[in-house]
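Report on one structure; see the data block that follows.
Computed from the coordinates by the stated procedures, all read-outs in this text should not be read as laboratory data. Predicted model, so just to flag it, every value in this text is computed and none were measured. Note that each Cβ is placed from the backbone with ideal geometry, even for glycine, and that neighbours are counted across all protein chains shown.
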Amino acid sequence: ENYIGSAEETIEGLRLIKEALPRCKTVLGISNVSFGLPPAGREVLNAVFLYHCVQAGLDLAIVNSEKLQRYASIPEEEKQLADDLLFNRGEDP
């Protein structure tokens, strides 16, 4: 529970940094967001998180390129599930 909302806060933090300091370069370890999840779930979540981070202004990403799915190849339903998890939307189980 300590990390609920962390992905969304990270994305918003990137936006705020780029607004305040547009010439500042940012770097982020992407897979930390999915630590502890099964491998298949991690690949999708990491790709969707990377997409949102880049949209927010991320300059450099630390990723394992062998295990990163292309965002465009992820089915919409899986993207939506990843978004729900990243942005803490939906119901508690």
*Have a look at ALA72, ALA61, ALA82 and tell me which one the Gaussian network model of the chain (Cα, springs below 10 Å) gives the largest fluctuation.*
ALA72
*Sort ARG23, ARG70, ARG15, ARG42 so that the residue with the fewest other Cβ atoms within 10 Å of its own Cβ comes first and the one with the most comes last.*
ARG23, ARG70, ARG15, ARG42
*Grab the DSSP H runs of the chain that are 4 residues or longer, score each as -39,500 (n - 2.57), total them, divide by all residues and round the 222 nm result to the nearest 500 deg cm²/dmol.*
-15500 deg cm²/dmol
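Hey, can you list the DSSP H helices of the chain whose Cα span along the axis is 20 Å or longer and whose average Kyte-Doolittle score is at least 1.6?
Helix filter hits for the chain: none.
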